[in-house]
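Right, one structure below, let's go through it.
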Protein chains: 2
Amino acid sequence: MAKATAYRTNTCGELALKDNGKKVTLCGWVQHVKNLGGLIFFYLKDRYGITQVVFDPKNDADAHKAAESLKREDVIQVTGRVRTRPQGQDNVEIITGSIEVICDRITVLNKSETIPIDIEEQTTTTEEMRLKYRYLDLRRNCVQKNIITRHKIVKATRDYFDKQGFLEIETPILAKSTPEGARDYLVPSRVHKGKFYALPQSPQIFKQLLMLSGFDRYVQIARCFRDEDLRADRQPEFTQIDVEMSFVDEENVYEIMEGLMKDVFKAVDVKIKTPFPRITFADAMAKYGSDKPDVRFGMQLKNISEIGEKSSFKIFTETIKNGGSIKCINARGCAKFSRKEVDELEKVAKIYDAKGLAWVKVEGTDTKKKLEGMSAKFFSEELQKQLMEKVSANIGDLLLIVGDHKHHIVDIALGQLRLFLAKKLELIPEDEWSFIWVVDFPMMEYDEDAKRHIAMHHPFTSPKDEDMGMLLTDPSKVRAKAYDLALNGVELGGGSIRIHSREIQENVFKAIGLKDDEIKSKFGFLLDAFKYGAPPHGGIAFGLDRLAAMVCKEENIREVIAFPKTKNAESLMESSPSNVDNEQLDEVGVKLK
Amino acid sequence: MAKATAYRTNTCGELALKDNGKKVTLCGWVQHVKNLGGLIFFYLKDRYGITQVVFDPKNDADAHKAAESLKREDVIQVTGRVRTRPQGQDNVEIITGSIEVICDRITVLNKSETIPIDIEEQTTTTEEMRLKYRYLDLRRNCVQKNIITRHKIVKATRDYFDKQGFLEIETPILAKSTPEGARDYLVPSRVHKGKFYALPQSPQIFKQLLMLSGFDRYVQIARCFRDEDLRADRQPEFTQIDVEMSFVDEENVYEIMEGLMKDVFKAVDVKIKTPFPRITFADAMAKYGSDKPDVRFGMQLKNISEIGEKSSFKIFTETIKNGGSIKCINARGCAKFSRKEVDELEKVAKIYDAKGLAWVKVEGTDTKKKLEGMSAKFFSEELQKQLMEKVSANIGDLLLIVGDHKHHIVDIALGQLRLFLAKKLELIPEDEWSFIWVVDFPMMEYDEDAKRHIAMHHPFTSPKDEDMGMLLTDPSKVRAKAYDLALNGVELGGGSIRIHSREIQENVFKAIGLKDDEIKSKFGFLLDAFKYGAPPHGGIAFGLDRLAAMVCKEENIREVIAFPKTKNAESLMESSPSNVDNEQLDEVGVKLK
């Protein structure tokens, strides 16, 4: 990988002791200029590293004089000889740390004005200014490292799939609007005025058609688009690792994707264990209060409905009478929490719609533990014993209880409390990578606003064979051949075995309330396609931005995207979206409303 | 690369003599069913090949019965044993040709209705129907082969650049409208009503900013968009191999790209020679009448202005008086052309704006050649001799002459005639790959309609150092550090060393007539960026679709795109562009005009 060019013999990241005496020419950006008793030192920086450069008036007076006016971020070319740094002045942490280049020639390739943002590793610049000057922000070591890591992930992904016989096939960006779920970005057509393309929310239909064409192993690192109101971790355009396979069941998909993760993490020198554990959606909700459980720590939710029912706490007994449930998590060692801290926990539970948070502390002696605090009085000695047993309580523990007539409120509120506590108590091992497959998702969920069922994954997901009979009669009970992969409590992606029967696909469209003409205009060509020998197939899609962010240990996906947009879907760097000429609008047959 | 799945033990392309006796399960599509005296034979086909399958009532009566109702393109699963085909019935041309599978189990995975198009290799179906049923058209062997070859080209490209230390970095698709050249596709913003994103015509500005960020080696297989009236070989969205490098000159770019071509062709088992020859733009036009010369054959254009000037042909003498030129090509052995054939040649010349085509035939004996035909009389014996010498004429040759006061009309008309003749005479060696760099392009050309100079490549291209002084005084004389790579007469791509000085960039914008406020609103952020230590840089972009089409020996890039659009920018398969709900338009703040 020689990177010598017309301008340089070496990069700033490779010269070492072995090069002592060599004549070299380097290019890069000036950093940390120091003028010490006549000698001028600075670092020359490029993507590959930094090299210390020295100008000595005794060595070359003209070059030394030229170096005097150098400022940070000037981009220059220097020529000189590699020499060993004086003892005690070397930096063993970097490969170039034992040498310096004593220079006799300097060419300023371009001067730099004072950089308007702070481009040190720990920047003090606001995110807004960082994004406006993204091309400078991208000079920061940590951001460059992220972009390089992302490249490695993508390269490992492509190598892996190629080895497994997958073909990378490009699908259109100018596609058809089929709004179901998120909003489409629209593109007015100039040639067909009044008509619009849509940017794809995913290549879903195209990849299914490729299966029908016989390309049994497809992959694409695909750009996708959703015009949503952005949460902190969403972008209007994002990239997914998009996969589809024919003649497969769920096991085949799991195996292929576990192999992928193994190779991806190997590319960044992390060894992970496969196969990944699995959990059903129902269990994940019951035990972790989440469909993407973080299993790096315990603190599972325990159902204490039977105990609560027998308590004298009216809220609990009523909850059970109304068909609800009561659950408890054990915050180990947290009996010492102040009232303020416990109030904070209740606030978290309430954010997730819990009506309140009951709590008891475990006190007493090893041989005689007892509950104290707010809710203790409602539990008889026997019930206290049962409760402590259920959650394996020890002295010093804090038991947190939520009851509600809606089961999912209990699960989610305690699940979120569990995560909050894990962070607060630093229970989460930093360097652990805990993958888990979440399987057997419900096929549909009831949308209270739309007053109809909607597909939980998407309407192309196959029901489980044993639940097929309930599709039109009891749709909310139907489980799907759908799966998600969660990593450390984050959903990396998901997929399903697809429907390949025209009849079942039509029934699913009906079950989610699509009308015949809608089905025909949006998905008619897909249903048509199913007539001509569609094979069984399934696939998955992973969010590449999220995966890269996790590998880079970044909270925000913007840190692993070269030119991200703000939460407001703007690019502050080139000011887009922007106004366009009326002439341009005329040509595509639209006007502003 | 094991492709066994829950549904199959093997693919249809791998079983061979060594598998004799093995119990296997295969999946695929039914082809060529033959019912021969009780035995039912057919081919089972998948992406990997075909395997002959046999059902024998003596072997399994039920399975045989089930096989009786099979029809072409049904997708099935069969289980049976591999056995050697009877002698004389084997097909040595395919790996599976020596075996067949005698089956005792069959599962119909999906029936197929009669396929509405002809999916044989040599299809009789119109392109319109092929595109409407593209998912079936993609089952054709030749189309599948193209898609697989494209995958190999892309994989080889990525492997090569990774090895050379390039990073693949994704740039935005939702970008800013900066119309210069082709029309932008626009995307109305919902969040910022009245404003628009534009789909990028290329990642040009983003990749230059990445150089400024210090990523000295960038590559991207990038989707690009141009809303143009489509020629046969254009698509509204297309893919380019997009490259940019810092601290490089032209030589560095040539070397890197020659290495790429070497690896790409190696991936499809073709060995090519590097380095590629080079020709200046001026020479290419003068000798081949093209800026993408096909150098697989001779028939170069010869300037005979001096001879024509002395002739008695008034059109020629006037042409020279008006500052024009006269050129000639030698169509060897074409003196036998009929009048009709010669008229056809004149028609070709006239398409490219020649006012006429003069021609003479070389007759006589070896020791005494002379010119005959239409224009012979205008040339004295001495001039005839000079002319024949100039174009190395032999008996039986046909000399074709064009004169015009516009030099480029002479060049282009004869250049096109040269190509036309080469095809007609089958002069072009089929399996030769002739690359050539075309260099020293003019910086600008004068746009007669716009009445101003426009950038020939794009406005970020650097003028040659020695021509820099003429930028504002004599722009049409300025040559650029620009280069194209042509292959067999087709432009594969082009690029340039870019401007990295704010001052020069501003001067170029001025030279092409951009006003100050336009410069500011469209490119202000780029000029700003140049303030902060922009390194010298350059790059190139290759059309991937075109490259893949050439490797696949396809005339039309649609043959190497999975889901192409028509010349009319439509997708006939999913009917896009399409109408959208008014509600969708309301949301993004536009209405139809």
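The values are calculated or read from the model by the stated rules, or taken from the named source; none is laboratory data. This structure is a prediction, so every number in the text was calculated from the model and none was measured. As a convention, Cβ positions derive from the backbone with ideal geometry for all residues, glycine included, and neighbour counts pool all protein chains shown. With ligands, DNA and RNA removed, areas are computed over all heavy atoms of the protein, side chains included. Shrake-Rupley method; radii C 1.70, N 1.55, O 1.52, S 1.80 Å.
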Long-range amide H contacts for residue A:185: which residues qualify at under 5 Å (H placed 1.01 Å from N, peptide plane, sequence gap of 5 or more or a different chain)? A:199, A:227
A correct Karplus calculation of ³J(HN,Hα) over the stretch B:333-349, with 6.51 cos²θ - 1.76 cosθ + 1.60, θ = phi - 60°, whole Hz and x for Gly and Pro, returns x, 9, 4, 6, 4, 6, 4, 4, 5, 5, 4, 4, 4, 4, 4, 4, 4
Set the bar at 28 Å for Cα to Cα. Now go through A:314/A:370; A:266/B:163; B:515/B:591; B:314/B:390; A:510/A:565 and name every pair that lies beyond it. B:515/B:591; A:510/A:565
Which aspartates and glutamates, on any chain, are close to residue A:423 with Cα under 13 Å apart, when same-chain ones fewer than 8 places away are left out? A:294
Give a quick list of trypsin sites (Lys or Arg not before Pro) in the stretch B:1-64 that DSSP marks as loop, anything other than H, G, I, E or B, with at most 13 other Cβ atoms within 10 Å. B:58
To the nearest Å², the heavy-atom accessible area per residue of chain A with 1.4 Å probe amounts to 42 Å²
Interface A-B: total buried accessible area (1.4 Å probe, Å², nearest 100) of 11600 Å²
Rank these residues by their accessible area, most exposed first, probe 1.4 Å: A:555, B:506, A:258. A:555, B:506, A:258
Could you tell me the relative contact order of the stretch A:297-424? Use alpha-carbon pairs under 8 Å, at least six residues apart, and round to a whole percent. 37 percent
Going by the alpha-carbon gyration tensor, a ≥ b ≥ c the square roots of its eigenvalues, is the stretch A:360-401 rounded (a/c under 1.5) or, if a/c is not under 1.5, prolate (a/b greater than b/c) versus oblate? rounded
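Quick check: with the 1.4 Å probe, what order do B:205, A:95, A:169 take by accessible area, largest first? Provide the component values of the computation, followed by the final result.
On the way: B:205 25, A:95 110, A:169 5 Å².
Per-residue accessible area, sorted high to low, gives A:95, B:205, A:169.
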A student asked for the Cα radius of gyration and Dmax of the stretch A:383-424 in angstrom ought to give 11.9, 31
Distance in whole Å from the B-onto-A rotation axis to the closest C-beta of chain B, together with the residue it belongs to, please. B:590, 2
Given a 1.4 Å probe and the protein chains all in place, what does the accessible area of residue B:83 round to, in Å² to the nearest 10? 80 Å²
Contact order normalised by residue count of chain B, Cα under 8 Å, 6+ apart, percent: 13 percent
Under 17 Å Cα-Cα from residue B:350, which aspartates and glutamates qualify once same-chain neighbours fewer than 8 residues away are excluded? B:341, B:404, B:411
Are there GluC sites (Glu not before Pro) in the stretch B:389-456 that DSSP puts in a loop and that have at most 14 other Cβ atoms within 10 Å, and which ones? B:426, B:430, B:432, B:448
Roughly how many Å² of residue A:359 are accessible to a 1.4 Å probe, to the nearest 10? 30 Å²
The correct ranking of A:185, B:133, A:352 by accessible area at 1.4 Å, largest first, is A:352, B:133, A:185
Which distances, shortest first and in nm, link residue B:233 to the matching position in the other copies, using label points set 7 Å out along Cα to C-beta? 4.7
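With n ≥ 4 as the cut-off for DSSP H runs, can you work out [θ] at 222 nm for chain A, using -39500 (n - 2.57) per run divided by the number of residues, rounded to the nearest 500? Mind dumping the intermediate values first?
Working: 16 runs with 170 residues, N = 593.
Computed ellipticity for chain A at 222 nm equals -8500 deg cm²/dmol.
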Considering all projection directions equally, how large on average is the shadow of the alpha-carbon convex hull of the stretch A:1-93, in square nanometres? 6.4 nm²
Pairs beyond 28 Å (Cα-Cα), from B:3/B:155; A:287/A:310; A:522/B:155: A:522/B:155
Cross-link candidates for residue A:23: which aspartates and glutamates have Cα within less than 17 Å, leaving aside residues fewer than 8 places away along the same chain? A:14, A:56, A:60, A:100, A:104
Reduction of at least 10 Å² in accessible surface, 1.4 Å probe, comparing all protein chains with the chain by itself, residues of the stretch A:91-111: A:109, A:110, A:111
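Relative contact order for the stretch A:1-109: what percent, with Cα pairs under 8 Å and sequence separation of 6 or more? Don't jump to the answer; show the numbers that get you there.
Values: 263 pairs, mean separation 33.8, N = 109.
With pairs under 8 Å counted, the relative contact order is 31 percent.
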Tally Lys/Arg at +1 and Asp/Glu at -1 over every other residue whose Cβ is under 12 Å from the Cβ of residue B:81; what's the total? -1
Just the number, please: carbon plus sulfur as a percent of the accessible area of the stretch A:376-522, 1.4 Å probe, no ligands or DNA/RNA counted. 48 percent
Among rounded, prolate and oblate, which fits chain B when a ≥ b ≥ c are the square roots of the eigenvalues of its C-alpha gyration tensor, a/c under 1.5 means rounded, and a/b larger than b/c means prolate? oblate
Tell me the Rg and the Dmax, in Å, that the Cα atoms of the protein assembly as shown produce. 35.6, 129
Placed amide H near residue A:202: partners under 5 Å, 5+ positions off or other chain: A:225
Put the label 7 Å from Cα along Cα→Cβ for residue B:37; what are its distances to the other copies, in nanometres, shortest first? 10.6
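For the stretch B:17-110, which whole percent of the accessible surface, found with a 1.4 angstrom probe, sits on carbon and sulfur atoms?
Numbers: 2240 of 4540 Å².
The C+S portion of the solvent-accessible surface of the stretch B:17-110 is 49 percent.
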Between residue B:568 and the same site in the other copies, what are the distances in nm, shortest first, taking label points 7 Å from Cα along the C-beta direction? 4.3
Could you report the accessible area of residue A:195 in Å², rounded to 10, computed with a 1.4 Å probe on the protein chains as they sit in the structure? 80 Å²
A correct Karplus calculation of ³J(HN,Hα) over the stretch A:54-59, with 6.51 cos²θ - 1.76 cosθ + 1.60, θ = phi - 60°, whole Hz and x for Gly and Pro, returns 10, 10, 10, x, 6, 7
Acute angle (nearest 10 degrees) that the helix A:141-163 long axis makes with the longest principal axis of chain A, alpha-carbon atoms: 70 degrees
With θ set to phi - 60°, apply the Karplus curve 6.51 cos²θ - 1.76 cosθ + 1.60 along the stretch A:511-528 and write out the HN-Hα couplings as whole Hz, x wherever there is a Gly or Pro. 4, 9, x, 6, 7, 3, 6, 5, 4, 5, 6, 8, 10, x, 5, 6, 4, 4
Could you tell me which of rounded, prolate or oblate describes the stretch A:297-424, using a ≥ b ≥ c as the square roots of the eigenvalues of the alpha-carbon gyration tensor, with rounded for a/c under 1.5 and, failing that, prolate when a/b is larger than b/c and oblate otherwise? oblate
